[in-house]
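Colleague: The following block contains the structure, expressed as structure tokens.
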Amino acid sequence: MTSAPSTTALDPQTVRGDFPILATRIGDSPLVYLDSGATSQKPQAVIDAEVAFLTGSNAAVHRGAHTLAADATELYEDARAVVAGFVGAEPEQLVWTSGATAGLNLVAYAIGNATLGRGGAEARRFALAPGDEIVVTETEHHANLIPWQELAFRTGAVLRHIPVQDDGMLDLEAAASVIGDRTRVVAFPHVSNVLGIVNPVAELVALARAAGALTVLDACQSAPHLALDLPALDVDLAVFSGHKMLGPYGIGGLYGRSDVLEALPPFLTGGSMITTVTLDEASYLPPPQRFEAGTQPVSQAIGLAAAVRYLDEVGMDAVHAHERLLERRLRDGLRSVDGIRLLGDAPAGVDRVALSAFDVDGVHAHDVGQFLDARGIAVRVGHHCAQPLHRRFGLTASVRASASLFTTEDEIDTFLDAVSGVRGYFGVGR
Amino acid sequence: MTSAPSTTALDPQTVRGDFPILATRIGDSPLVYLDSGATSQKPQAVIDAEVAFLTGSNAAVHRGAHTLAADATELYEDARAVVAGFVGAEPEQLVWTSGATAGLNLVAYAIGNATLGRGGAEARRFALAPGDEIVVTETEHHANLIPWQELAFRTGAVLRHIPVQDDGMLDLEAAASVIGDRTRVVAFPHVSNVLGIVNPVAELVALARAAGALTVLDACQSAPHLALDLPALDVDLAVFSGHKMLGPYGIGGLYGRSDVLEALPPFLTGGSMITTVTLDEASYLPPPQRFEAGTQPVSQAIGLAAAVRYLDEVGMDAVHAHERLLERRLRDGLRSVDGIRLLGDAPAGVDRVALSAFDVDGVHAHDVGQFLDARGIAVRVGHHCAQPLHRRFGLTASVRASASLFTTEDEIDTFLDAVSGVRGYFGVGR
Amino acid sequence: MSELDSLYQELILDHSKRRVGFGLTDELVGVATSHQHNPICGDDITLRVHVEGDVVRDVTWEGAGCAISQASASMLASLVAEEDGMSRAEASALVEGFREALRSRGTKPLDEEIFSDAAALSGVSRYTARVKCAMLAWVAFEDALARA
Amino acid sequence: MSELDSLYQELILDHSKRRVGFGLTDELVGVATSHQHNPICGDDITLRVHVEGDVVRDVTWEGAGCAISQASASMLASLVAEEDGMSRAEASALVEGFREALRSRGTKPLDEEIFSDAAALSGVSRYTARVKCAMLAWVAFEDALARA
Ligand SMILES: Cc1ncc(COP(=O)(O)O)c(C=O)c1O
Ligand SMILES: Cc1ncc(COP(=O)(O)O)c(C=O)c1O
């Protein structure tokens, strides 16, 4: 972190002034943005950082001797250090990606390349043999599921999963029997984007380590909401997306333990990731550059650095504390509305982020969303890129409300009040 | 195109007012930006379009029923239509990528996936067998070379190349013997980023078609400078990068003939590109969505649309005409400086863009760049991600000056004047 | 009438519950089925059309979805029933007209004379994110006709 | 003196042409070689160090590159020659000190007492894009020492 964690509580009213979009009105109503789980809104500081770069220092990085290029390179590498620091990592452990999906594909394809003999002797540890197992969870976002399915198809590996309980908790007993001798990779979310529960990383990492498997953490839904220390979590690799953590679109991070990144063969190839290139072959730079082919999203990296600086100034502990308040109000409120079923209604005391997905008995999620929108309330409806999890709960779609550091308790109340009118409007229940 | 090509000549002074960064001073000198080949500067309209989106309509696209999400989706899909139109294509023929490098990797990996049996029967036409040939040129940017090297390594295909002549022209006679029965892919640049020569697309496409090979065009260096009509060029696939054509970083386009895109298996997998997903397998949407896994660079797509709207307003024919003037002045001027060797000094009359790479006898490119920078002139030095081409000309590095629609003839003269002082300063020659 | 009420008119909510044509008929000669899926919300519909010669006899369907998609399927089935014996050409023209209105962003309302109850779906065209919901059954209808 | 002149001092331009130590010695016992490459500009250097026991005897090198990189290699070779018999520890300290100064963005000049001609490279530290050019030979020196 770039600053000591703030000990003062977060005042959402002050924070709101930093987000220009919050002044928007939807019809006659003020915008109540409860869709931060899909994408976050951006504080002015992030927009300003990008604009300042584009109008004052824009140039290709790592490639020119001219002044603008040198300035741009410095800003860009400073951004890497800042974002790496935000997740507890060293700069060379942070690979820029275009987002979490790209980061997870990078890992899966790099393993596929190792399997095809690329990357030399060091990479052999990643190679998969037919029958080797890749383990994910039943709660996965498609981004942390389909790349592994495709890798399994390409290599003959077998994809297995850790089931989820009715209360949304991962079944750790089952995990202990799913993860075993043949397990080579264990990929799981820090926080599911439907359940909002903070998963037991230590337990899963311990199981994976005991099996000698590589661990891959999807930190998309934790990075914006908790103080993250990825090395302390002891995972091998982790991904996050800038646009979900107050930053720009088109940028994300792949964190990797140094020994893992150093041994992993490249994925995307092209300019800026090579040492010597002939027409027949190329040799590659060490990480992180090895994984950063082509012109990188420079202004977006600088924007993401501004975003995590902003989060650090507010203080991630304060963010989490505020969102815990919201989360309890949200869930308690939803529980008291007739005909609402919460997905992942875990025991009290389980750590979570302020995100709740739910089903309204007799009213389709899409109609609920439309009803809420008419009151200025933006929620997400659908399967949230987690079809298997919805199927597990007997649903095709749900409604998801997800808060952010700028969400107020009043907004949660406005939302709850609206939700309690849904079934009446559509003429179901009572 | 969104507007009829402008018939009026371009006035660079008027254009300059639209680019805020051009007010920058480097030390005591005004900035003379001759590094547009690396990355272009952005007009205010592009910055404004992104900021307006982020502060007024930002939301996840294709995923929500709420008002912001619907607005965002519309703006995003309108952007696709505008950018597709700019290259003569239909919206569904334009896949968003994070840039040209990502687009070329997409194609190479998708072919690799087809080779591994993914994508079913339709995809079989792309599968490579050991001994099949992939043909590139000796002029390739690493982005259009290394992905093919890696694909060759993974599949047992053989990588061959079309040589370049001393004057920078591709050797078409050699091409006719390199491209043959075993050729499955022919990938080549529309304009090399070192030579600036517009390559004979029709001739190369004819050779490839006769061999039944897939054609892949790297349009990075033509898209910002010429009126492009990709379907008329009759290539199967083509890529370009937003940041080189006045647009944002982190966005680019992959154009594909509809039948080709429809048959190609996916590359990146994750959210938003699927129809039905179970824990074991997924089925995929038609193009372009099939190739757009995860949250897309939404604001950047909108920014790129603003960039091509801007280019269309100026008129691509006017841009090309203006840059042709600059190009002749640039090359004539360089030819008259002692100790300068131009790379790709093709016969007069050959169509080109305003980009010249050259060697200064006795002075290293890096030192030339530094000398020019001290006069506010930004050029690129190094191998420009084209090591094999530099080796072909007996060099490891060169100096590259590349102009843009806002470059003036005076700037070219300032540059030429500075270049003529280089050898004297470093005490070589005379 | 609030904006929301103009989207969820009584007639729409009513059809979404009544679901005319719900329950698939048997597969006979001249019967064709189309399955359509909305990947965004996971909704789907299986729609079956019975054609005799050039005459569209009836439409039946099953599926789950939002009020708009259910109402739209129901209204389509009742329209086909009312028209009793529309030709393939008429059916195609109907789908085309429906699509055009739904894509018009509120500028081309559906004519009640032609579309009967389904004309109540005009309001959907102002909600671009919901157009797919209303179109689902009609796309299935078009597809099934092409197979029948 | 203009900014550019402070970067390209006479001494630097002079060394870049004189190239002290240019031409590799034979590979003998106690001789180790390092090859370093700057992927940005394609410059490279092959540097050979001769160590007897704990004593660094000499440095020779070959390679192509910009004036800064050539001068830096030349200055390093002449420094080792002048010191005539520096220890490994002294050599390591030199490299460390050089690196620190070069990365200081102009805040820590190189001491002429210690670095001799190479002190003229202080100005490079304000040009972050050129630091690698000046470091190339020194990194090779460090690497070769570790192998010798
Ligand atoms: C848990 C989780 N993983 C992965 C992703 C994919 O992130 P992106 O779409 O930014 O690549 C998301 C968000 O959509 C997510 O919530
Ligand atoms: C000819 C050519 N091809 C490909 C690329 C790669 O583009 P990008 O770095 O934007 O992915 C470039 C630019 O660097 C280029 O000039």
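What follows draws every value from the coordinates through simple rules; no lab data is involved. Not measured: the values here are computed from a predicted model. In this analysis, Cβ positions are derived from the backbone assuming ideal geometry, glycine residues included, and neighbour counts consider all displayed protein chains.
Colleague: Farthest toward the dipole's positive end in the protein assembly as shown, which of A:96, A:111, B:395, given Cβ charges of +1 (Lys, Arg) and -1 (Asp, Glu) about the Cα centre?
Modeller: Farthest towards the positive pole: A:111.
Colleague: Now, a different point. Distance from a point 7 Å along Cα→Cβ of residue B:74 to each backbone N in region A:18-43: keep the residues under 18 Å and list them by number.
Modeller: A:24-29, A:31
Colleague: Here's another thing I want to ask about it. Rounded to the nearest 500 deg cm²/dmol, what is the calculated helix-only ellipticity per residue at 222 nm for the protein assembly as shown, with -39500 (n - 2.57) per DSSP H run of length n ≥ 4? Intermediate values should be presented prior to the final figure.
Modeller: Values: 42 runs with 455 residues, N = 1156.
It comes out at -12000 deg cm²/dmol, rounded to the nearest 500.
Colleague: Region C:1-33 to region A:181-241: how many Å between their Cα centroids?
Modeller: Their Cα centres are 45 Å away from one another.
Colleague: Once the label point is placed 7 Å from Cα along Cβ, list for residue D:112 the distances to the corresponding points in the other copies, in nm, shortest first.
Modeller: Label-point separations across copies, in nm and ascending: 9.9.
Colleague: Ok, one more. Run the label-point distances for residue C:4 please: 7 Å along Cα to Cβ, every other copy, nanometres, shortest first.
Modeller: 6.9
Colleague: Continuing with the same structure: Tell me which DSSP H helices of chain C clear both cut-offs, 20 Å or more of axial length from alpha-carbon atoms and a mean Kyte-Doolittle hydropathy of at least -0.5.
Modeller: Values: long enough: C:67-83 (23 Å, 0.79); C:88-102 (21 Å, 0.07); C:131-147 (24 Å, 0.94).
Helices meeting the criterion: C:67-83, C:88-102, C:131-147.
Colleague: Express in % the proportion of alpha carbon pairs of chain A at distances exceeding 31 Å.
Modeller: 41
Colleague: Report the gain in length on full extension from residue B:16 to residue B:153: 0.36 nm times residue separation, minus Cα-Cα distance, nm rounded to one decimal.
Modeller: Here the segment from residue B:16 to residue B:153 would lengthen by 44.6 nm.
Colleague: If contacts are Cα pairs under 8 angstrom and at least 6 residues apart, what is the relative contact order of region C:3-147 in percent?
Modeller: Computed over region C:3-147, the figure is 29 percent.
Colleague: Percentage of Cα-Cα pair distances in region B:331-430 greater than 20 Å, rounded to whole percent?
Modeller: Beyond 20 Å sits 35 percent of the P(r) for region B:331-430.
Colleague: Follow-up. So the label point sits 7 Å from Cα along the Cα-to-Cβ vector; using that for residue A:8, what distances do you get to the other copies, in nanometres, sorted shortest first?
Modeller: Label-point separations across copies, in nm and ascending: 5.5.
Colleague: Counting other C-beta atoms within 10 Å, which of C:10, B:138 has the fewest, and how do the rest follow?
Modeller: Starting with the residue having the fewest Cβ neighbours, the order is C:10, B:138.
Colleague: Would you report the distance distribution of C-alpha pairs in region C:3-147 as whole percents per 10 angstrom bin, up to the bin with the largest distance?
Modeller: 13, 48, 34, 6, 0
Colleague: I want to make sure I understand the PRE zone here: with the label point 7 angstrom from the Cα of residue B:409 toward its beta carbon, which residues in region B:291-323 have backbone N atoms less than 14 Å away?
Modeller: What the label zone holds, given the 14 Å backbone N cut-off, is B:322-323.
Colleague: Treating only the Cβ atoms of Lys and Arg (+1) and Asp and Glu (-1) as charged, compute the dipole magnitude of region D:3-147 about its Cα centre; round to the nearest 20 debye.
Modeller: Once rounded to the nearest 20, the dipole reads 580 debye.
Colleague: Here's something else I'd like to know. Students often get this wrong, so check it: of C:17/C:108; C:17/C:132; A:244/B:42; A:244/B:244; A:42/B:244, which have C-alpha atoms separated by over 23 Å?
Modeller: Table pairs above 23 Å Cα-Cα are C:17/C:108; A:244/B:42; A:244/B:244; A:42/B:244.
Colleague: Let me ask you something else. For chain B, give the magnitude of the charge dipole about the Cα centre (Cβ charges: +1 Lys/Arg, -1 Asp/Glu; no others), in debye to the nearest 20. Let's see the in-between values first.
Modeller: Values: 31 positive and 51 negative charges, 162 e Å.
Dipole about the Cα centre, nearest 20: 780 debye.
Colleague: Once you average over the residues of B:155-161, how many Cβ atoms of partner chains fall within 10 Å of each Cβ?
Modeller: 1
Colleague: Explain nothing, just the number: relative contact order of chain A, from Cα pairs under 8 Å at least 6 residues apart, as a whole percent.
Modeller: About 24 percent, as a whole number.
Colleague: Next up: In which sequence would A:393, A:240 go, from the one with the fewest C-beta neighbours within 10 Å to the one with the most?
Modeller: Taking fewest neighbouring Cβ atoms as first place, the list is A:393, A:240.
Colleague: Report the residue of chain C with the smallest Cβ-to-axis distance, using the rotation axis that brings C onto D, in whole Å.
Modeller: Taking Cβ atoms only, the nearest residue and its distance are C:39, 21.
Colleague: Using every pair of alpha-carbon atoms in region B:251-296, split the distances into 10 Å bins beginning at 0 and state the percent of pairs per bin, rounded to integers.
Modeller: 28, 54, 16, 2
Colleague: Tell me which DSSP H helices of chain A clear both cut-offs, 20 Å or more of axial length from alpha-carbon atoms and a mean Kyte-Doolittle hydropathy of at least -0.5.
Modeller: Span-like helices in chain A: A:67-86, A:100-115, A:298-314.
Colleague: With 41 Å as the cut-off, how large is the P(r) tail for the protein assembly as shown, expressed as percent of Cα-Cα pairs?
Modeller: That tail contains 47 percent of the Cα-Cα pairs.
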